[in-house]
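First the structure, in the form of structure tokens, and then the observations on it.
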Amino acid sequence: MANGAEFTANDFAGARTRLRLTRRGRVVFTTLGALPLVIWAALSVLGAGVAAADDAVGGPGASFDYVTVGAGDTLWEIAEATDPGADPRVVIDDIIRLNGLDSSVVEPGQRLALPAAN
């Protein structure tokens, strides 16, 4: 060396380099770290929805009786015919939930699944 200083490889062995991430690198690193948690949460929510649907419709593989709504039929009449010993309001609520109806209004020709009579 011209100035009299000599450096060897051992002189640089103790030097530490600091990892520096750009903003984009931090976003990518955080996203990759959080991805398994997000996937687990999504699968848990979707799995719970299937389980809740199974409970609402009587369990997996449940079979139902169906009725086609005639002209002038009401859910009250259908509920009384489905389970004469039960409170029609409870049966109507079950029919609405089971068929995903927005209201208690039904149209002629509409096919409804009926809950099992108790």
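The values are calculated or read from the model by the stated rules, or taken from the named source; none is laboratory data. The model shown is predicted, which means the values in this text are computed figures rather than measured ones. Please note: Cβ atoms are built from the backbone with ideal geometry, for glycine as well, and neighbour counts cover all protein chains shown. When the accessible area is computed, the model is the full protein with side chains, heavy atoms only, and any ligands, DNA or RNA have been set aside. Shrake-Rupley method; radii C 1.70, N 1.55, O 1.52, S 1.80 Å.
Odds and ends about this structure:
- Looking only at region 58-70, residues that are open to solvent by 90 Å² or more (accessible area, probe 1.4 Å) and either at pLDDT 80 or above or under 17 Å from residue 111 (Cβ atoms) (or both) come to 3 in all.
- The listed residue being within 33 Å of the chain's Cα centre (by Cα) and modelled with pLDDT of 85 or more, out of 21, 37, 46: 37
- Summed over region 85-118, the residues that are in a loop (DSSP other than H, G, I, E, B) and either open to solvent by less than 60 Å² (accessible area, probe 1.4 Å) or without any contact (Cβ under 8 Å) to a residue 24 or more places away in the chain (or both) give a count of 11.
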